[in-house]
Structures are given as structure tokens and as C-alpha cells.
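Undergrad: Quick one: structure below, then a few questions.
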Amino acid sequence: MKRQMLVVLTGALAMLLTACGGQTPQAATQPPAQPTTAAPATTQGPTAAPATAATAAPSAAAGGGQAQPATGGRIQTIISRGKLICGVNASALPGFASVDSTGTYKGFDIDYCKAIAAALFNDPSKVEYRPLSAADRFTALQTGEIDVLNRNSTFTLQRDGALGLEWMPTTFYDGQGMMVRKSSNIKTLEDLNGATICVQTGTTTELNLADNFRARGLKFTPLVFQTNDEVVAAYEADQCNGFTTDKSGLVSSQTLLKNPAEHQILDVTMSKEPLGPAVAQGDQQWGDAVRWIVFATFQAEEFGITSANLGEFTSSTVPDIQRFLGLGDNKLGAGVGLSNDFVQRVIKAVGNYEEIYNRNLGPSTPFNLPRGLNTLYTKGGLLYSPPFR
């Protein structure tokens, strides 16, 4: 009797759903869809609106159509504001970020701020530079005070997973080093046993210093400061035996000393320091836009496209070049909320990666910093862009 009633009820339910335009019940063996949790709006800044059926990206298998940018996200906020707010180093770090007496910002990190502004506005000057210390740089992203962080910051698991940040492609592969006075006759880290070391607090540098000395069974006294300017001043005043930070930072800071030739950087690398831009999690479109702007500088160098010869490539019939520059019917930029010629805008404004590097750190600068790992993969380096297609 119970079985007959169940059959009757099931049939009635099916008829009711059919009459109301409903769907037949799914098999009980299919797991329910898992809900997604949005990032807290109070810490992430404006976020993109959820995709609808009209804006959803086509499936990978289909490989056709263009995803439409969501509305109301970070990109729209920046465009409405009329400028990009870029977090940069508050301390002078020549070659990466510094400001002259006229208030003009220059450096490797600064050029990536300009590249983003150029992609958005076709004008690299539409940037407000927000100087940030090591202690407040990530909070500025979390609260939406800045749009992007371009401040010699290291990509780590803890920062990626616990701070609500999304890291962009690494723009500079570095490693932590140690600077000492040549007169000290210090040649190795072991020679610094019992020494006082100047270091900036709130950085991976501070943690790496402790790890390296502990691993070697060495003792040291850290002398910590909030800014790199304070660290350099203390080292210059002979308050410590050594000064540690990323090697690129040591090369930069050495130029600020009264007698740079009296100091040397030890032949030791204490860590991996992949440096690059970061944005707040919660706005996928904005993250994608910044990511592909960075990749554009890598790919432009691989293609041999520079700010000087860009015009020669705009008439290219090579499909890869056409897609990259957004020529003809190629409309890849729209999928990440950018104009289809965003790559051309970036190259006109700052050039390719090699141009950015050489302008700020290359042979014609006081640093003459070898590119090392910061060369294209085709030359044995680590710079590699996914396909623009």
C-alpha cells in the first residue's frame, strides 16, 4: 500500500512540475552545488558584479566569442576617478622608486604603474603615487586605499593565502644579500657571528636573516627600523656591522652612501625574492587586467617590439602579432576590461621589459645590474608570457 501511494505521489509531483515549467528532480547520487563565498567588501574595495548568462565567458571547448567585462568593479572605479592610485616605496630606492626635487617619480616599479595607467587611459601620467612603508603597504590594498601595489614586495605563500592579496607575474627575480664595509675584512656570513645587523622590520628580509643565522648556528643582534632610509642611515653611521635586504636594494642603497666604493656586497644569496605587483582579491577582472599588462611587456620583448619600432609592426600580417597588438578583428582586451589596443598603449608609454629594465637598472645607469634570471626564457631566464590568443 505504501509503495502504491509513493508511486502516485511521485507521478503527481512530476505532473505538477511539468505544468509549472519546472525541472524533473535530479538523481539523489548527484552532489549538491557548493555555494561560493564572496570576499568581505570592507577589506577588498569595490568588486566586480557577478557574471550573468549574458556576460559569462564561453566554455574553453567552444573557444569562440568574447567574454564581456563585468560592471561596477575596480576598473570602473578607477576610470570614473580619472586616475590610478599606485602604492610605491616611501623610502628612496634609486632604480626602483625615487622622487626628485620636482616631485617626479622614477624607477622600475614606477614604470609599471605608468604601464597600467597607459593601458587604462592611454596616458601614463594619470597616476597618483601613494608612498607606503613596509608596515602599511598590504593594509592599503586590503582597505582599497590603493588600486595596485608596485613596491618591491615578495610573493610568498603566507602573503598570498592569509592577507587577501592576489599576486601578479614576477617582474624582478631577486635574492637577499648582505653589505659590509671592505675595511672589516668580512667575507662570509660566518664572519658576522656575534655581529649587529641593520634590517627593515615587517619584511621577509627580517625573517630570512634570522633563519639563515640560526641554520648556521650563528648569533647576531638585529637593529630594526621602519624604513629603508633609516636602515641606510644607521649603517652609514656605523651602528651595525652589516646591512641586509634584497640584493637589488643593496645595489640601489649603495649609491646613497657617502663613499660607495668603501662597501661591498657579499657573494652569498640568503633567499628567493620574487618581486612583483599585487592587487586585492575579490575582483577577478582587475587582477586579470594587471596580469596581462605585465605579460605584455615580456611578450613585446620576445617579439622584438619596442617603443621606437612599434609603428613598423602595426601593419604586420603575422597572426600572432595582430592578436598581440589588437589589430583587425582581434578583440582580446575586452575580456579583461581593457581596450583592444591596450598593448600598443603600454609599449608607447614605457616600452617592452628590456627597455624598462635598461632605462632604470641597465648598463647606462649607475647600477649596471646584470639581468641574470630577469631575462627571457628563450635566453635562459625566467620571464615567460602565456599566449596572447
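Undergrad: Using the Cβ atoms and a cut-off under 12 Å, what net charge is assigned to the surroundings of Asn259, where Lys and Arg are +1 and Asp and Glu are -1?
TA: Surrounding charge for Asn259 is +1.
Undergrad: Considering amide H positions built from the backbone, and no H for Pro or chain starts, which residues 5 or more places from Ala195, or on another chain, come under 5 Å of its amide H?
TA: When sequence neighbours closer than 5 places are left aside, the close amide H contacts are Thr221.
Undergrad: Count neighbours as other Cβ atoms within 10 Å of each site's Cβ, and list the GluC sites (Glu not before Pro) in the range 208-275 that are DSSP loop with at most 13 such neighbours.
TA: Here no loop site has a sparse enough neighbourhood.
Undergrad: Could I ask something else about it? Give the cross-link partners of Lys379 among the lysines, using a straight C-alpha distance below 21 Å as the criterion and excluding same-chain residues fewer than 8 apart.
TA: The reachable lysines, counting only those whose Cα sits under 21 Å from Lys379, are Lys272.
Undergrad: What is the distance in Å between the Cα centres of the range 227-300 and the range 108-156?
TA: For the range 227-300 versus the range 108-156, the Cα centre distance is 15 Å.
Undergrad: Residues in the range 235-253, backbone N under 12 Å from the label point at Leu373 (7 Å along the Cα-to-beta-carbon vector): list them, ranges by number please.
TA: Correct set: 247-248.
Undergrad: Taking θ = phi - 60°, what integer Hz values does the Karplus form 6.51 cos²θ - 1.76 cosθ + 1.60 yield along the range 253-258, in sequence order, with x for Gly and Pro?
TA: Result, rounded to whole Hz: 5, 4, 5, 8, 6, 4.
Undergrad: A further question follows. Is there a pair in Lys114/Lys247; Lys114/Lys348; Lys187/Lys219; Lys114/Lys331 whose C-alpha atoms are over 21 Å apart, and which pairs would that be?
TA: Lys114/Lys247; Lys114/Lys331
Undergrad: HN-Hα J couplings of the range 92-104 from phi, Karplus 6.51/-1.76/1.60, θ = phi - 60°, integer Hz, Gly and Pro as x?
TA: 6, 10, x, x, 10, 7, 8, 10, 8, 5, 8, x, 8
Undergrad: Spelling out what I want: for every residue of the range 195-212, take phi, set θ = phi - 60°, compute 6.51 cos²θ - 1.76 cosθ + 1.60 (Karplus), and round to whole Hz; glycine and proline get x.
TA: The phi angles translate into 7, 9, 10, 7, 8, 8, 7, x, 10, 5, 4, 4, 6, 5, 4, 4, 5, 5 Hz.
Undergrad: Okay, moving on. Just from the alpha-carbon atoms, what are the Rg and Dmax of the range 167-270 in angstroms?
TA: 13.0, 41
None of the figures in this text is laboratory data; all of them are computed from the coordinates on show. Given the structure is predicted, the values throughout are model-derived calculations rather than measurements. Cβ sites come from the backbone with ideal geometry, for glycine too, and all protein chains shown count toward neighbours.
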